[in-house]
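Structure, as structure tokens:
The values are calculated or read from the model by the stated rules, or taken from the named source; none is laboratory data. Not measured: the values here are computed from a predicted model. With ideal geometry, Cβ positions are generated from the backbone for all residues, glycine too; neighbour counts draw on all protein chains shown.
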Amino acid sequence: MFDPSIVCAYLYVISRYGYPPPAEDTPRYLAEMKALGFQSVELEGIRREHLLAMFAQREALAHQVTELALHVPYFCVVLPGLAAADPRERERNLELFEKGCQVAAALQAKGVLDNAPLPPYVFPDDIPIVRHYDEAVLQAAHLPPGLAWSTYWAELVDTYRTACDIAAGFGLTYQLHPCLGVLAATTEGFLYFREAVGRDNLRFNLDTANQFVLKDNLALSLRRLADCIDYIHLSDNRGLQVEHLVPGQGAINWEPFFETLDVIGFKGQIGVDVGGHESAVGELDAAYRQSAAWLAAQWRR
């Protein structure tokens with residue numbers, strides 16, 4: 001079994017069963033991640049319907065987690081509507097966010113996790129249900145003609161301050177995940193946003209592949225965000241497109257990354273975050289086992 005500090009990210013489930021994967025099959029997903037050798041795993045609630053389905057079975061899932069001797073350190077609450085321009089939509093998503101925190105608390109998680117806020121783009125249809133907003137999706141969007149940025153920014157900051165306070169009420173951190181097209185996608189962006197929100201439990205879920213493709217220096221990011229990082233998503237990337245490869249299959253120089261983890265005294269957890277439709281990783285189970293074994297050998301805890 002892998003050390004509990006090494007987590008099987010929910011991307012394993014997404015890669016195998018689609019996005020979002022059927023919530024009712026979560027007991028199977030837990031058993032499969034356990035069979036890979038992980039003691040710690042992620043779960044997710046993705047937008048309203050999927051999140052409410054996870055909420056409805058939270059006690060049963062908590063029981064199964066205990067029966068399997070698993071830990072769920074982070075429950076991902078994927079709610080892009082938190083950053084909507086419409087205050088009514090933000091309020092509806094805050095209500096869903098609180099339900100996500102209830103799921104996390106039932107699972108005895110440390111925190112909840114979501115992508116950093118998506119600017120209030122207007123898409124041809126609703127906000128696409130996708131893991132990442134690629135260039136084609138973003139170029140099809142536009143900002144509302146009457147948007148006053150200073151007003152929107154103040155409301156956005158207030159919404160995320162409220163979300164942080166909701167999470168804190170359950171003893172949870174609120175992890176923001178960087179990805180293409182969002183606010184706070186880089187070290188600089190997160191520090192600016194965190195200062196505006198002003199809540200200590202707002203944390204940065206460093207993602208090695210996503211930051212590498214955005215040209216965010218990983219070692220420098222670790223040093224600058226040392227007090228804001230509890231959880232890292234780890235995968236490789238070639239620097240040309242969004243992808244999440246097995247470590248060693250991309251262009252990331254891992255030596256300074258692990259050296260810097262030692263320098264900053266990182267004591268958190270690292271999630272193996274390999275796969276997705278954009279990534280050629282071969283046989284998925286083998287990719288996760290290989291990545292976790294590699295991480296265990298590289299990471300001095």
Query raised in the report: If you check 35, 53, 62, 31, which single one turns out to be closer than 20 Å to residue 4 by Cβ, small (Gly, Ala, Ser) and either in contact with a helix residue (DSSP H, G or I) (Cβ under 6 Å, 6 or more places away or on another chain) or at pLDDT below 95 (or both)?
Result: 62
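Listed here are the residues, each with its yes/no results for (1) farther than 26 Å from residue 244 by Cα; (2) in contact (Cβ under 8 Å) with a residue 24 or more places away in the chain; (3) surrounded by fewer than 18 Cβ atoms within 10 Å (Cβ to Cβ).
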site	(1), (2), (3)
37	no, yes, yes
41	no, yes, no
68	yes, yes, yes
78	no, yes, no
81	no, yes, no
Query raised in the report: Does the range 267-301 hold any residues that are among the hydroxyl-bearing types (Ser, Thr, Tyr) and at pLDDT below 95, and which are they?
Result: 279
Report summary line: residue 110: passes all of (1) among the basic types (Lys, Arg); (2) within 14 Å of the chain's Cα centre (by Cα); (3) more than 18 Å from residue 231 (Cβ to Cβ) but (3)
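Here's the yes/no breakdown for (1) touching an Asp or Glu at 6+ places or on another chain (Cβ under 8 Å); (2) under 22 Å from residue 226 (Cβ atoms); (3) polar (S, T, N, Q):
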site: 161; (1), (2), (3): no, no, no
site: 168; (1), (2), (3): no, yes, no
site: 171; (1), (2), (3): no, no, no
site: 175; (1), (2), (3): yes, yes, yes
site: 180; (1), (2), (3): yes, no, no
site: 186; (1), (2), (3): yes, yes, yes
site: 202; (1), (2), (3): no, yes, no
site: 206; (1), (2), (3): no, yes, no
**Report entry** Unique residue being farther than 19 Å from residue 23 by Cα and crowded, with 19+ Cβ neighbours inside 10 Å when the list is 145, 117, 87, 124
**Finding:** 117
Requested in this report: Would you mind stating whether residue 98 is closer than 27 Å to residue 41 by Cα, part of a helix (DSSP H, G or I) and among the charged types (D, E, K, R)?
Outcome: yes
Requested in this report: Identify, from the list 205, 237, the residue that is in contact with a Leu (Cβ under 7 Å, 6 or more places away or on another chain), crowded, with 18+ Cβ neighbours inside 10 Å and under 30 Å from residue 154 (Cα atoms).
Outcome: 205
Query raised in the report: Residues of the range 208-226 being among the hydrophobic types (A, V, I, L, M, F, W, C), more than 13 Å from residue 237 (Cα to Cα) and crowded, with 18+ Cβ neighbours inside 10 Å, which ones?
Result: 222
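Do we have any residue at all in the range 38-50 that's of a type in the set (Asp, Glu), part of a helix (DSSP H, G or I) and over 22 Å from residue 175 (Cβ atoms)?
Just the residues of the range 38-50 that are of a type in the set (Asp, Glu), to begin with: 42, 44, 49.
Then keep just the ones that are part of a helix (DSSP H, G or I); that gives 49.
Pick out the ones that are also over 22 Å from residue 175 (Cβ atoms) and you get 49.
For the range 38-50, residues of a type in the set (Asp, Glu), part of a helix (DSSP H, G or I) and over 22 Å from residue 175 (Cβ atoms): present.
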Query raised in the report: So how many residues does the range 71-87 have that are in a loop (DSSP other than H, G, I, E, B) and out of contact with any Gly (no Cβ under 8 Å at 6 or more places or on another chain)?
Result: 4
